[in-house]
Structures are given as structure tokens and as C-alpha cells.
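S.K.: Sending over a structure as C-alpha cells; questions will come in a sec.
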Amino acid sequence: MNFAATALLSLAMSTDAFAAAIGKGAALQRPRLIEAIRTGLIFGTIEGLTPVIGWLLGKVAAPYVANWDHWIAFVLLTLLGLRMIRESVSDQEEETSKPTSHSFWILAVTGFATSIDAMVVGAGLALIGADIAITAVAIGISTFIMVTAGVMLGRVLGRIVGRRAEMVGGLILIAIGSLILFEHLTASPIGTV
């Protein structure tokens, strides 16, 4: 793969994580840059590793993962989104009670859910003989940058939507999962004519 193809693939693989990061940033009490970087590192590492895992699985697991990746992502993102919505509805305290950071495991599960498609991409890259190391690093760096920016953008949105920021974040996660499911079930990505 050439540089342009690798760059476009990296950007495409990081868009779901970017949208999820906006929701994560909105659910926090004024997240600092260090929290955004931490979130970006977690998402970027996971997003960079999943195509390598897919590449290693290659032809053997690709049909299985390709048939179920959208359902796995949909279920994980919907469950996380519903959890965030439930917490936003049950939380009657002031905005200052919002957490200042998310747990590693919540971020890791969200990162994994938004990167399942990268595993399938990795399996496809094995079939065309692409350099997985360069591609995985590019995807990881792109995701790190996009997620870090997404958390900081979520900070701004969190101020706008106030106490219901966590609900908005949950709705964003459910929307991402639904979009992934819709695109795979209709076999025509949104925006394609």
C-alpha cells in the first residue's frame, strides 16, 4: 500500500474512536489535556494492535470475524451507552460530581468495540501482502490524535449540555454502534451512492 492509501485507511479506522471520544470527554468534569492524552494512548494502542491480530488470524478467522464484527461492536457500544444514560438519569447531583477520568477498563472496552473493524482490515491486509507494521503504527497514531482531540472537543460540548453530558455520550455510543450495524447489514457504507 502506498502512503496515501495508508493515510486514508488510518483516518477511516479512527473515526469511530473519535466520535466515542467526544462522548467520553463530554461525560467528564472538564477533562484536562493529560486525560485526553491518556484516553488517546489507550484507544490508539488498541486500534493499532487489532489489525495486527487480524493479520495474524489471516484467512482462518477472517470469515468468522467479518460475519460478526458489526454485532459485537453494536452490543458492546450499546451496553456502554445504556450504562452511561442510566448513570446520567440516576445522578441527581450537580455537574461537579462528574468524574474527572474514566477507568482504564471502560476506555479499553470502548476502544476495543470501536476497533473490531480494524481486525477485519488486518485480515484483509494479510491477503494482499501489505506491511502490517507500518499500517498498524499509522492507525494507532491517527487514532491517538483523533481521540485526544475528541476528548477535548467533548469538554467543550460537556459545558454546553451541562449535567446531561453523560447521556449525550451514551447516545453517541449507541449511535455509533447502530451505524456500524446498519452499514454492515445494508452492505453499503453511509455516504456511498
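Bear in mind that the values in this text are calculations on the coordinates, not laboratory data. Given the structure is predicted, the values throughout are model-derived calculations rather than measurements. Here Cβ is always computed from backbone atoms with ideal geometry, including for glycine, and neighbour counts include all displayed protein chains.
S.K.: To make sure I understand, if each residue's beta carbon is the centre and we count other beta carbons within 10 Å, what order do Ile34, Ile46 fall in, fewest to most?
M.R.: Lowest count first: Ile34, Ile46.
S.K.: Report the local net charge at Leu11: Lys and Arg +1, Asp and Glu -1, summed over other residues whose C-beta lies under 14 Å from its C-beta.
M.R.: Result for the local shell: -3.
S.K.: Using the 10 angstrom Cβ neighbour count as an exposure proxy, how do Thr110, Thr15, Thr6, Thr135 rank, fewest first?
M.R.: Placing the least packed residue first, the sequence is Thr15, Thr6, Thr135, Thr110.
S.K.: Give me Asp131, Asp69, Asp16, Asp117 sorted ascending by neighbouring Cβ count inside 10 Å, so fewest comes first.
M.R.: Ordered by Cβ neighbours within 10 Å, fewest first: Asp131, Asp69, Asp117, Asp16.
S.K.: All other residues with a Cβ under 12 Å from the Cβ of Ala36 taken together, and with Lys, Arg as +1 and Asp, Glu as -1, what is their net charge?
M.R.: Summing Lys/Arg as +1 and Asp/Glu as -1 gives +4.
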